[in-house]
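**Student:** Below you will find the structure I want to go over with you.
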Amino acid sequence: MADISALSKISERMRIHRRLVNSTDTSTSDLLAFSKEVSSATKESTDCVKDVANYATRINEDLAKLRQLIKDFTIQIGDKMKALAEAGLFKDISDPPYSGGVGSGNYLAEHRFSSDRFDKQRAENLVLLQKIAEQQQALQRVLCETEGLITKVEETGFFTLGDFDNINGHLNQWIKGLETAEEREERKRQEEERKQKDEEEKKKKAEEQAKRKAEEQRRKDEEEKRRKEEEERRKEEQRKKDEEARARRNPEKWPTYIYDRQKHHNLFLHGICCAVSAITGGQGLEKDDIVCAALDSHIDLERYPKNKDEVLISSLIQIKPTKGKEIKLELPMKVYIPIASSSMDNRETVVKVSMNDQKWRFVDAKEEKPRGIKDRDALFVLIEINNFQSLEVIVVSRPKRENMKVKAAGGSFEPTIDKNVRIIVPSGCFMNDTGVHFKVDKDLANRAKAEKQFENIKIATSLHGIEFDDENLQNIEMEIYPDLHKIKNVSTHQKVIEKCRNKLVTDMSVIHIATRLHKDGKIQDECLEDIKSKKTEGMKARRLLEEFKNCDADQFTAITEALEKENQGHLAKLLKKTMEDIKNEEANTGSDFVGESDNMELQMVTSSQHGDWTVMKKESLKDFPDGVVISLPAKGGTFDIMGLIVPKGMDNKAISRIADLLYRQSYQFDAKLIVRQSDTDPSHCLVRCVENDKSIDAADTMKKQGFQKGPPDSPVFGICDGEEIIIKLEGNLTLDADYKVVRLKYYNLNPESASASFKIDVHNKKAQSEAKAFSGELRYNVGGVDQGPPRCGSVVLSIPKDEELHRFAPLTLDVPVKVAAKYLAYQLPIRPTPNLDDFYLSLVDNSRSKYRSIKTRADKEAETGTAREICEVFIKNWASQRPKNENKV
């Protein structure tokens, strides 16, 4: 309870009780409420009186304690006053003139002292002590009167205003006694002076503080201004740096370096090897940091392991750092590779790279022309590459693939382009997630039908190709559902469903069609649930078609209508068209739509890593007996697969050969071999392998080069891009060189690579004595394995005998040359030096192949075989091959 609250609480309770007294006339009906109010007020008043009484008791006790303290303090003041009184107020009061002797007391009492003998400080202290003592006594009187008032209230229960006035009067008197009027005036004056001084000091401090603040503010403003200027300058510098960095990192701002081809390889795309655009500066690239080369020879192109379905559309580009250090840029460099146009449909352009002589791999690429190339028809592909010490790039055109990803944990997947295949990859088959590239050639059956050599063979599957980015560490299972027709004497509707099965499996929206058929009551609930439970779309489609294996007219109508209602009218049209085709075929030929019979069987053949074809072991699928599963061997990486229906008992080698022919037929070009002989020297031949539709232009070019005569062109044969043609001479003609085999590598990109010139010679001049010319066969074969026609064959070459006798034209040599030859032949054999072999080598510039060629001819033409005659013939043969205007002597 607060000090002032005691009286206010008593006053409040008195007001409440006065109100209760005035309410005693309350009616009987309100008496109960009045009783409750009185009881509540009485209880609260009782508690209040107790609190006030306790508070008064504490005040009385504290007053007693205070009075005792004041009393003790007053006693202490008295003791100090006594001590001052005993000390006296005079200085040196014990001096001889003022002490001892008779009448000294009176003398002291009457004697007048000078002011310097008065101890003013002691007197002032005594006055102060007296004043304090009087104040304490007055305070004690106030306390006594206050205690008396409290006691009176406690005993009698009342007090008067006079009692309060008496206490207040003494209290005011005590307060006034604390200081005199002069002291009060002095105090007030001092307080005024102090206040004025404080105000002045405060004002001065305020002015100084304001000045200091102003100075500090000015300094802060200047610092802030400098900071802002510095910040703006820093931001501007940073902005410029960021702009420079953005510009430096912006590929649009990068310079484009054009690297030219070697001088003798400048015919392709205006002599451009490649173009490079890269970031410059620190961790950047300058033009002289790398060297680029374009390689077109078949020896260089063999560095890339090309598949038969690929066609090169660029040279092999090599990029190496000039200083041998790794190219490690802040951002990948852009490399533009010039390519030839590819007009073939359903093919894609793919870029492969080999970094640091490692495995060739795919990289993302797009067609884009570098800045600075003005030729509108020029084609380039762009790749981004970084962190390499050596780089090889090549661009190929190949059949389009469907690209997928296989997790390292394995799994099964079904290509969307052919759902008649399912591939099952076991866990751990690949170390990491790897890319899978899947191709389907659905036109294989049509091409096989066009060839008579395959009339006993049926195509059971499309040609499938699988390529993994990484090597498979385990065997991979492949489920295949061939296009088998084991049906005879069945309804036409059933034949249609079976014939269109693979197309339906791949393209049909199974769930929509099944739901529609279920709604129409054509399939049961169990069938629909079973279809939905299958893992892949292909498995669902095959399960649905199982319901139509004994298809009749009603079921055929139901499925065609369901296809039309579910926006798959193209499949409904296919079924109807196939129905008409089969009816027409049976009407015309009486065909019974016989497919695989007891004398035929299905064989699955595969080629791994573009190698030989092999007949694979197969197993039937439990749920779908027509389906088979094969195992693709580990560490293959690239596989081609096809299914063939062949006569039972056919040799595996024969099956593999047929598969190779079918595969090659899918990707080969029609070409022919042109052989021409020099107009002036029939022993000098030029041979070219060219596309059939370009053979006329090629022959005209050879004619302009001086090669007009020759045998008829070879029959048209098929050759794949990158295949080799092996040429040998047989009969009475032979190659006039150390090598006896000519090899041509055919690349559609560079037809000139599949050409060669060579010399031929007569093997035995005494043979063919009755003929007008010496003749022989130029035999050719595509590849190292013996092929059948038309991929192998021969053309006849001949050298007229009169031309043979004079083809080196010794009689046309100048007389000085003949004289020199005869003179040297007479002198050299009998001299120890120079050695004849050394002399011969010096004539042919140390070319041992030319030396052997001319020496062999000289040995044959020398009738006597003496060293002199051989030497003379050698010199004449050598001279006949030299330019006419050369000074041979």
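**Student:** Which residues, counting only those in region 416-454, are under 14 Å from Gln474 (Cα atoms), in a loop (DSSP other than H, G, I, E, B) and touching a strand residue (DSSP E or B) at 6+ places or on another chain (Cβ under 8 Å)?
**Tutor:** Pro426, Cys429, Phe430
**Student:** Tell me which residues, restricted to region 605-654, are in a loop (DSSP other than H, G, I, E, B) and of a type in the set (A, V, I, L, M, F, W, C).
**Tutor:** Start the filter on region 605-654 by keeping residues that are in a loop (DSSP other than H, G, I, E, B), which leaves 609-612, 617-618, 621-627, 633-637, 648-651.
The answer is Leu621, Phe624, Ala634, Met650.
**Student:** Output the qualifying pairs, or none if there are none: Cβ atoms under 6 angstrom, residues six or more apart or on different chains, first residue in region 233-261 and of a type outside the set (Gly, Ala, Ser), second residue surrounded by fewer than 13 Cβ atoms within 10 Å (Cβ to Cβ) and in a helix (DSSP H, G or I).
**Tutor:** Lys253/Ala247
**Student:** Scan region 712-736 and report the pairs whose first residue is at positive phi and whose second residue is of a type outside the set (A, V, I, L, M) and assigned to a loop (DSSP other than H, G, I, E, B), with Cβ atoms within less than 7 Å and a gap of 6+ or a chain change.
**Tutor:** Gly722/Lys306; Gly722/Tyr747
**Student:** Also: For region 374-389, which residues satisfy the criterion of being surrounded by fewer than 18 Cβ atoms within 10 Å (Cβ to Cβ) and either closer than 15 Å to Ile319 by Cβ or touching a helix residue (DSSP H, G or I) at 6+ places or on another chain (Cβ under 9 Å) (or both)?
**Tutor:** Of the residues in region 374-389, the ones surrounded by fewer than 18 Cβ atoms within 10 Å (Cβ to Cβ) are 374-378, 384, 386-387, 389.
Hits for region 374-389 are Asp375, Ala378, Glu384, Asn386, Asn387, Gln389.
**Student:** Does Thr680 fit the bill of being surrounded by fewer than 19 Cβ atoms within 10 Å (Cβ to Cβ), in a loop (DSSP other than H, G, I, E, B) and not hydrophobic (A, V, I, L, M, F, W, C)?
**Tutor:** Values: surrounded by fewer than 19 Cβ atoms within 10 Å (Cβ to Cβ): yes; in a loop (DSSP other than H, G, I, E, B): yes; not hydrophobic (A, V, I, L, M, F, W, C): yes.
Yes; evaluated as a whole, the condition is true for this residue.
**Student:** Report every pair of residues separated by at least 6 positions or lying on different chains whose Cβ atoms are under 6 Å apart, first residue within region 649-663 and within 11 Å of Met616 (Cβ to Cβ), second of a type in the set (S, T, N, Q) and not in a helix (DSSP H, G or I).
**Tutor:** Here the result reads Ile655/Gln603, each pair linking region 649-663 to a residue that is of a type in the set (S, T, N, Q) and not in a helix (DSSP H, G or I).
**Student:** So, one more: Just checking, which of Val406, Val335, Val353 is under 18 Å from Asp300 (Cα atoms), buried (at least 18 other Cβ atoms within 10 Å of the Cβ) and either under 19 Å from the mean Cα position of the chain (by Cα) or outside the structural domain of Asp443 (by TED's automatic domain parsing) (or both)? Can you show your working first?
**Tutor:** Details: Val406 fails: under 18 Å from Asp300 (Cα atoms); Val335 fails: under 18 Å from Asp300 (Cα atoms).
Only one candidate qualifies: Val353.
**Student:** May I pose another question? Can you pull out every residue in region 172-196 that is polar (S, T, N, Q) and either modelled with pLDDT of 70 or more or surrounded by 12 or more Cβ atoms within 10 Å (Cβ to Cβ) (or both)? Outline the logic, then answer.
**Tutor:** First pass over region 172-196, keeping only residues polar (S, T, N, Q): 172-173, 180, 190, 196.
Result: Gln173, Thr180, Gln190, Gln196.
**Student:** Does region 769-792 contain at least one residue that is within 30 Å of Glu861 (Cβ to Cβ), exposed (fewer than 14 other Cβ atoms within 10 Å of the Cβ) and among the hydroxyl-bearing types (Ser, Thr, Tyr)? Break it down into steps so the answer makes sense when it comes.
**Tutor:** To start, the set of residues in region 769-792 that are within 30 Å of Glu861 (Cβ to Cβ) comprises 769-779.
So of that shortlist, the ones also exposed (fewer than 14 other Cβ atoms within 10 Å of the Cβ) come out as 769-772.
This time we only want the ones that are among the hydroxyl-bearing types (Ser, Thr, Tyr), so: 769.
Among the residues of region 769-792, at least one is within 30 Å of Glu861 (Cβ to Cβ), exposed (fewer than 14 other Cβ atoms within 10 Å of the Cβ) and among the hydroxyl-bearing types (Ser, Thr, Tyr), which makes the answer yes.
**Student:** Then there's this: Kindly indicate which of Glu451, Glu414 is modelled with pLDDT under 90, charged (D, E, K, R) and more than 30 Å from Gly718 (Cα to Cα). Spell out how you get there, then give the answer.
**Tutor:** Values: Glu451 fails: more than 30 Å from Gly718 (Cα to Cα).
Only one candidate passes the filter, namely Glu414.
**Student:** Another question, then. Inspect region 357-365 for any residue being surrounded by 17 or more Cβ atoms within 10 Å (Cβ to Cβ) and either of a type in the set (Gly, Ala, Ser) or touching a Leu at 6+ places or on another chain (Cβ under 7 Å) (or both) and give the result as yes or no.
**Tutor:** Going residue by residue through region 357-365, those that are surrounded by 17 or more Cβ atoms within 10 Å (Cβ to Cβ) are 365.
Now drop any that are not either of a type in the set (Gly, Ala, Ser) or touching a Leu at 6+ places or on another chain (Cβ under 7 Å) (or both), which leaves 365.
For region 357-365, residues surrounded by 17 or more Cβ atoms within 10 Å (Cβ to Cβ) and either of a type in the set (Gly, Ala, Ser) or touching a Leu at 6+ places or on another chain (Cβ under 7 Å) (or both): present.
**Student:** Which condition does Leu528 not pass, out of (1) farther than 30 Å from Gln358 by Cα; (2) of a type in the set (A, V, I, L, M); (3) surrounded by fewer than 22 Cβ atoms within 10 Å (Cβ to Cβ); (4) in the same structural domain as Val605 (by TED's automatic domain parsing), if it passes all the others?
**Tutor:** Single failed check for Leu528: (4).
**Student:** A further question follows. Go through (1) without any contact (Cβ under 8 Å) to a residue 60 or more places away in the chain; (2) within 18 Å of Lys458 (Cβ to Cβ); (3) surrounded by 20 or more Cβ atoms within 10 Å (Cβ to Cβ) and name the single condition Ile674 misses.
**Tutor:** All conditions are met except number (2).
**Student:** Go through (1) within 54 Å of the chain's Cα centre (by Cα); (2) not in a loop (DSSP other than H, G, I, E, B) for Lys703 and report which single condition fails.
**Tutor:** In the conditions (1) within 54 Å of the chain's Cα centre (by Cα); (2) not in a loop (DSSP other than H, G, I, E, B), Lys703 misses (1) alone.
**Student:** Take the conditions surrounded by fewer than 16 Cβ atoms within 10 Å (Cβ to Cβ), in contact with a Phe, Trp or Tyr (Cβ under 9 Å, 6 or more places away or on another chain) and either not small (Gly, Ala, Ser) or not assigned by TED's automatic domain parsing to the domain that holds Gly271 (or both) and apply them to Asn346. Does it pass? Can you show your working first?
**Tutor:** Values: surrounded by fewer than 16 Cβ atoms within 10 Å (Cβ to Cβ): yes; in contact with a Phe, Trp or Tyr (Cβ under 9 Å, 6 or more places away or on another chain): no; either not small (Gly, Ala, Ser) or not assigned by TED's automatic domain parsing to the domain that holds Gly271 (or both): yes.
Considered against the rule, which asks whether it is surrounded by fewer than 16 Cβ atoms within 10 Å (Cβ to Cβ), in contact with a Phe, Trp or Tyr (Cβ under 9 Å, 6 or more places away or on another chain) and either not small (Gly, Ala, Ser) or not assigned by TED's automatic domain parsing to the domain that holds Gly271 (or both), Asn346 comes out as no.
**Student:** What number goes with the only condition from (1) free of Cβ contacts under 8 Å to residues at least 24 places away in the same chain; (2) farther than 21 Å from Ala754 by Cβ that Asp300 does not pass?
**Tutor:** (2)
**Student:** Considering (1) of a type in the set (Lys, Arg); (2) touching a strand residue (DSSP E or B) at 6+ places or on another chain (Cβ under 8 Å); (3) without any contact (Cβ under 8 Å) to a residue 60 or more places away in the chain, say which one Lys535 fails and leave the rest.
**Tutor:** In the conditions (1) of a type in the set (Lys, Arg); (2) touching a strand residue (DSSP E or B) at 6+ places or on another chain (Cβ under 8 Å); (3) without any contact (Cβ under 8 Å) to a residue 60 or more places away in the chain, Lys535 misses (3) alone.
**Student:** Let me ask you something else. Going residue by residue through region 312-323, is there one that turns out to be in contact with a Leu (Cβ under 7 Å, 6 or more places away or on another chain), within 23 Å of Ile279 (Cα to Cα) and among the polar types (S, T, N, Q)?
**Tutor:** Yes, because at least one residue in region 312-323 is in contact with a Leu (Cβ under 7 Å, 6 or more places away or on another chain), within 23 Å of Ile279 (Cα to Cα) and among the polar types (S, T, N, Q).
Listed here are the residues, each with its yes/no results for (1) without any contact (Cβ under 8 Å) to a residue 60 or more places away in the chain; (2) outside any strand (DSSP E or B); (3) aliphatic (A, V, I, L, M).
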residue	(1), (2), (3)
Gly281	yes, yes, no
Val291	yes, no, yes
Asp309	no, yes, no
Ile319	no, no, yes
Val335	no, no, yes
Pro370	no, yes, no
Phe380	no, no, no
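The values are calculated or read from the model by the stated rules, or taken from the named source; none is laboratory data. Not measured: the values here are computed from a predicted model. Glycine gets a Cβ as well: all are built from the backbone with ideal geometry, and neighbour counts include every protein chain shown.
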